[in-house]
Amino acid sequence: MQNMLTLLSNALCRITGRTAGAQTVSELLIGLSEYVSLTSPAAPDLAQTQRLPPKPPPVVSARASAAPLVSTSLAAPAARITASCSFADFTPQVTFDIKKCDLYRLEDGPSMKAELTREQGLQYYRTMQTVRRMELKADQLYKQKIIRGFCHLYDGQEACAAGVEAAINRSDHLITAYRAHAYTYTRGVSVKEILCELMGRRGGVSKGKGGSMHMYAPHFYGGNGIVGAQVPLGAGIALACQYQGNNQLCVTLYGDGAANQGQLFEAFNMAALWKLPCIFICENNQYSMGTSAERASASTDYYKRGDYIPGIRVDGMDVLCVREAVKFAADLCRAGKGPIVMELQTYRYHGHSMSDPGVRKWMWPFGRRWRRQHSLRWLTPSHHWTTCATTSLKTIHPWRSVGPTPGLSLSL
Amino acid sequence: MAAAARLFLRGIHSKCSVSGVSTVPRTSFGPRLLKLSPSCDPYTKAQRRHAAHFTFQPDLVPTQYGPTQKMNLFQSITSALDNTLSSDPTAVIFGEDVAFGGVFRCTVGLRDKYGKDRVFNTPLCEQGIVGFGIGVAVAGATAIAEIQFADYIYPAFDQIVNEAAKYRYRSGNLFDCGKLTIRAPWGCVGHGSLYHSQSPEAFFAHCPGIKVVVPRSPVQAKGLLLSCIADNNPCIFFEPKILYRAAVEQVPTEHYTITLSQAEVVEEGSDVTLIAWGTQVHVMKEVAQMAQEKLGVSCEVIDLRTILPWDVETVCKEECFLNLEAPISRVCGYDTPFPHIFEPFYIPDKWKCFEGIKKMINY
């Protein structure tokens with residue numbers, strides 16, 4: 001008890017800046033009560049002691065309502081006054097500068113500026129956050145043996161899925177390999193159906209018969225187990241689009257490991273020969289299972305592997321980069337200018353599948369660099385403070401509770 | 001008794017699940033956590049998927065091959081490859097991820113011991129791997145190619161059937177790729193679903209020019225693999241992946257071979273003949289025991305071992321078909337792709353085989 005008292009009083013001294021330590025429990029409590037208000041405080045007092053949000057830009061619109069949007073709840077003890085801001089203080093749209101893409105056989109590439117509206121930002125964030133949570137949950141369920149079979153997780157690569165979907169229409173087609181949970185979600189299947197399918201339940205999108213690698217949706221052709229097998233299929237879908245003249249295209253995804261399969265080059269040849277509206281996207285996550293790309297490929301410039309097909313190399317960790325690049329490629333395809341190869345440089349945080357621990361000595365230093373550039377970082381408050389409603393983000397962000405928090409809280 | 005009925009029961013697939021024999025530690029915290037809630041019992045009969053459908057039955061310790069050591073299946077494969085690399089200076093092992101030991105640990109330590117020019121990784125290209133292996137073998141080196149899962153062998157099907165199998169014939173014995181051996185993990189594993197559970201030996205069973213071999217145990221695996229490597233024809237060696245850890249035996253450490261194209265009568269019997277290969281042999285042994293206890297039927301169990309060319313002599317003696325008292329019966333998986341969630345219903349377990357015997361007896 002005495003130790004605990006000493007510990008607490010030392011902590012209190014450090015917090016309050018006072019030098020004398022508390023000797024008894026009651027002294028401790030008195031000390032604490034001076035720092036933390038245990039009764040409902042008067043509004044102005046608290047506002048001075050708490051952190052305030054940065055000053056919003058001056059209101060330009062005359063119609064902007066100055067009414068605070070906040071709830072000041074003084075009913076419960078230890079309630080806090082919440083500061084207020086109006087939505088008119090936030091801009092609805094902003095333009096970002098994005099990284100330049102490496103080009104191959106192309107004169108000009110995707111735009112280096114990306115426009116983002118508030119709704120889009122929230123939507124992308126929600127998508128990526130949902131995919132991240134879903135994959136982590138699948139990981140947990142697999143370890144509990146509720147999901148069995150094979151499970152290839154996509155966390156770390158969310159920006160690719162979100163960016164691709166943002167750039168194409170729902171009527172366009174998409175086919176990918178076995179790391180497909182995210183694309184299943186972005187193509188319109190609910191998380192519940194995906195998790196049911198993983199668990200082999202009847203409510204799953206493939207009636208529980210497909211499992212992790214075989215989930216399908218309208219205009220989404222899976223989910224393919226055999227490496228590289230989906231690429232000729234994608235070329236075929238693109239041919240159908242061209243034949244039917246419906247202005248649709250096919251996005252065909254594969255990995256850096258699959259880039260060495262012979263059938264890919266057969267598909268490239270056919271697509272280029274017949275100018276198919278096909279976007280071949282290589283999601284280069286640096287490793288094909290445990291083998292790094294340099295040790296498996298004579299050329300790691302996957303965007304140049306199409307040889308006679310133009311290529312773009314994109315930062316796959318930035319959703320806006322991906323979106324702009326895929327938009328550029330989609331416009332190219334719809335204009336009838338034939339196939340295009342893209343390489344999205346990205347990284348996966350798990351091993352190849354649940355059987356692969358993914359923790360190898362030589363992966364960690366490399367992985368740390370990628371983790372710092374994680375795909376969910378782009379909407380942290382430090383970057384886009386005044387452009388999006390932070391609370392909206394907080395309501396999406398699963399690790400923060402919505403509700404009164406000391407200092408700053410904006411409520412919708 | 002010549003008039004005794006002979007029933008051929010051929011089981012192709014074998015169930016596999018992690019049984020108590022397996023030594024892989026798995027966390028059971030999850031299921032325990034679920035158990036805390038009374039309404040959520042993960043071990044109700046309908047959901048139970050963790051019992052093995054077979055029990056590995058080791059053979060007697062072989063004494064004629066020298067000193068033995070306790071090994072499981074993947075260790076016996078490593079031992080065979082180790083023997084080969086040390087005795088044959090031209091031998092090379094290649095495939096996807098073999099350098100660090102392979103996804104099933106079959107090549108652990110070989111790269112460190114023999115060098116990276118003898119044990120090396122290939123990119124992800126099965127057709128390329130087998131084609132490359134044919135070239136290596138034709139040039140005179142012993143090539144041991146690994147296909148990561150038997151399910152992935154199909155891109156290489158053309159190379160195997162059209163190139164490897166026909167090389168000697170079409171060149172008038174000027175060239176051959178007899179030094180090629182292709183190894184692949186094979187068969188169901190309990191959770192493999194469509195693309196990690198297949199048994200494709202039937203696709204190759206009618207291709208003259210190659211040999212197809214499936215062992216049932218570590219002792220058999222090492223001997224048969226060494227025979228395949230030594231054999232003058234391109235061989236495909238399928239290793240039952242469920243047995244990699246589950247099958248433990250005393251395996252001779254020295255080099256030894258087991259004759260190819262020779263089936264083995266694992267258990268003697270007089271009424272019914274049960275033929276199987278791979279993991280299913282262990283299921284059949286149990287079925288034979290059940291038949292003896294419950295039906296009083298004496299079953300003969302034969303392990304085919306080599307699928308192509310198969311031992312016709314042992315399996316059906318001359319004119320045996322004239323003496324059968326019931327038609328030959330096949331017990332195998334259904335005519336669907338290997339399922340994901342329905343695997344326990346799909347595989348020919350001991351009950352299905354037992355049922356087959358009962359029907360046959362009452363024919």
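The values are calculated or read from the model by the stated rules, or taken from the named source; none is laboratory data. Model, not experiment: these values are computed from the prediction. A quick note on method: Cβ atoms are made from the backbone with ideal geometry, for glycine too, and the neighbour counts reach across all protein chains shown. Side chains included, ligands, DNA and RNA excluded: accessible areas come from the protein's heavy atoms. Shrake-Rupley method; radii C 1.70, N 1.55, O 1.52, S 1.80 Å.
For chain B, what is the accessible area per residue in Å² when the probe is 1.4 Å?
44
Please arrange B:84, B:90 by accessible surface area, largest first, computed with a 1.4 Å probe and ligands excluded.
Listed by decreasing accessible area, they come as B:90, B:84.
Checking the cross-link filter: which lysines have an alpha carbon closer than 22 Å to that of residue B:358, excluding same-chain neighbours under 8 positions apart?
B:15, B:285, B:294, B:350
Taking each residue of A:144-152 in turn, how many C-beta atoms of other protein chains fall within 10 Å of its C-beta, and what is the average?
6
Can you compute the charge dipole magnitude of the range B:208-363 about its Cα centre, using +1 on each Lys and Arg Cβ and -1 on each Asp and Glu Cβ, nothing else charged? Give it in debye, rounded to the nearest 20.
460
For the range A:108-203, what is the number of Lys pairs with C-alpha distance below 29 angstrom, counting only pairs 8 or more positions apart or on separate chains?
Details: A:137/A:145; A:137/A:192; A:143/A:192; A:145/A:192.
Lysine pairs meeting the criterion: 4.
Can you give the average number of partner chain beta-carbon atoms within 10 Å of each beta-carbon in peptide B:333-341, as a whole number?
Counting other chains' Cβ atoms within 10 Å and averaging over B:333-341 gives 4.
Around residue B:96, with a cut-off of 9 angstrom between Cβ atoms, what is the net charge of the other residues, counting Lys and Arg +1 and Asp and Glu -1?
Charge balance near residue B:96 sits at -3.
Can you give me the solvent accessible area of residue A:192 with a 1.4 Å probe, rounded to the nearest 10 Å²?
Roughly 150 Å² of residue A:192 is accessible to a 1.4 Å probe.
Counting only other residues whose beta carbon sits under 15 Å from that of residue A:272, what net charge do I get with K and R as +1, D and E as -1?
Residues near residue A:272 contribute +3 overall.
Quick one: how many Å² of residue A:352 are accessible to a 1.4 Å probe, rounded to 10?
20
What is the interface area between chains B and A, defined as buried accessible area summed over both chains with a 1.4 Å probe, reported in Å² to the nearest 100? Don't jump to the answer; show the numbers that get you there.
Working: alone 17000 and 20910 Å², together 35540 Å².
For chain B against chain A, roughly 2400 Å² becomes buried.
Show me the chymotrypsin sites (Phe, Trp or Tyr not before Pro) within the range B:44-151 that DSSP assigns to loop and that have at most 15 other Cβ atoms within 10 Å of their Cβ.
When the chymotrypsin sites (Phe, Trp or Tyr not before Pro) of the range B:44-151 are filtered for loop state and at most 15 Cβ neighbours within 10 Å, B:100 remain.
Please give the per residue accessible area of the range A:146-274, computed with a probe of 1.4 Å over protein heavy atoms only, in Å².
That works out to 32 Å² per residue.
With n ≥ 4 as the cut-off for DSSP H runs, can you work out [θ] at 222 nm for chain B, using -39500 (n - 2.57) per run divided by the number of residues, rounded to the nearest 500? Present the calculation step by step, with values, prior to reporting the outcome.
Details: 12 runs with 96 residues, N = 363.
Only helices count here, giving -7000 deg cm²/dmol.
When the accessible area of the range A:159-253 is computed with all protein chains present and a 1.4 Å probe, what percentage of it is carbon and sulfur?
On the way: 1770 of 3250 Å².
Here carbon and sulfur together make up 54 percent of the probe-accessible area.
Could you put B:136, A:131 in order of accessible surface area, largest first, with the 1.4 Å probe and the full protein assembly present?
Values: B:136 30, A:131 0 Å².
Putting B:136, A:131 in descending order of accessible area: B:136, A:131.
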